[in-house]
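Let me begin by presenting the structure, written as structure tokens, before commenting on it.
The values are calculated or read from the model by the stated rules, or taken from the named source; none is laboratory data. None of the values given here were measured: they were computed from a predicted structure. Every residue, glycine among them, receives a Cβ derived from its backbone with ideal geometry; neighbour counts consider all protein chains shown. Side chains included, ligands, DNA and RNA excluded: accessible areas come from the protein's heavy atoms. Shrake-Rupley method; radii C 1.70, N 1.55, O 1.52, S 1.80 Å.
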Amino acid sequence: MHEGLSPEAEKLYLAMLRGDAVEPGPAHEELERLGLIRNNDVRPPRSALAAIASGHEVAAVRARETAELLAAAYAEHGAKEVDFVEVLKEADEVISAFEEMQSQAESEIRALDPGSYLSPQPEASPAQPPALARGVAYRVVYESALLQTERGFASVQESIAVGEQARTFPGVPLKLVIADSDRALIAVPTVTGGNVVALLIHPSVLLSALIELFEAFWRMAVSITPGGQEDTQQEPTTATRRLMALLSAGLTDESIARELGVSERTVHRRVSRLQQLLGAQTRFQLGVQASRRGWL
């Protein structure tokens, strides 16, 4: 493969063009090898440098071809040796994988639940109570729309009653279950409907990304407390919206009480109730959660 002209050889070539006396050496040999001098006579540079450029172009083409061949070989090798995704095409396979993940989990199940693709409401898994009984923790983020129906709310409350930690967030993007940090299951409906395709993900960069995705939603989501269905469904009332607007404006409890015509104690009690309802530890968090739910 041709090489470029070194700075030393370039200086020597210019010196020979000026007629300066030169001594043999590596730079002189380089000029001879590239055809820029012959028998100490300076040769026109165009043809020699064109040959150098042509050599680089050929080398670049060969490098690209080699890269493609190596990439294909690597992909073929990887497909045989690193099989970290399984495709499940039948609903029975998906359900079976989901139950098996829970039965084999040792420490924790994490899930994002936009609702079942096989039925419109979340359904308690029979594998959950035994897993909880042996110490497996459950953290689930539910689509907020699920809690607006009696059946959906009851199902979530049933899971909370047996030990699940549940939160809610609007717009949960996919159905995801993660067992420990070993496996994840992503379920999506088929285009034609009536069936489910799922991906079973084994340890990989993809699995790590899915774990980070869940944790991000968990941090943003609102805690679901046991009971309180009537409060959840009735809120936000006009009074609650007005209270949240005054809180967001930065008014003190004294000012809010005066504005609403109630006592400061009543304001404090109502704020505490809303914090508990939305799973907020501070008034700032209360404002954030209320905003996410469209209460402001």
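Tabulated data for the structure shown
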read-out: Calculated log₁₀ intensity ratio I(q)/I(0) where the Debye formula runs over C-alpha points of region 238-293, q = 0.16 Å⁻¹; value: -0.41
read-out: Cα→Cβ-extended label distance, 7 Å offset, between Ala15 and Val288, nm; value: 7.0
read-out: Per-peptide average of other Cβ atoms within 10 Å, ordering 207-218, 28-39 highest first; value: 28-39, 207-218
read-out: Solvent-accessible surface ranking, highest first, for Glu108, Glu150 at 1.4 angstrom; value: Glu150, Glu108
read-out: Model label zone, Ala249; criterion: amide N under 15 Å from point 7 Å along Cα-to-beta-carbon; scope region 259-296; value: 259-262, 296
read-out: Extension gain from Arg43 to His268, taking 0.36 nm per residue of separation minus the Cα-Cα distance; value: 71.6 nm
read-out: Vicinal HN-Hα couplings computed from phi for region 90-102 (Karplus, 6.51 cos²θ - 1.76 cosθ + 1.60; Hz; Gly/Pro x); value: 10, 4, 4, 5, 5, 4, 4, 5, 4, 5, 5, 4, 6
read-out: Student exercise, region 238-293 dipole from Lys, Arg, Asp, Glu Cβ charges, in Debye to nearest 20; value: 260
read-out: Cα gyration tensor shape of region 85-223, rounded if a/c is under 1.5, else prolate or oblate by comparing a/b with b/c; value: rounded
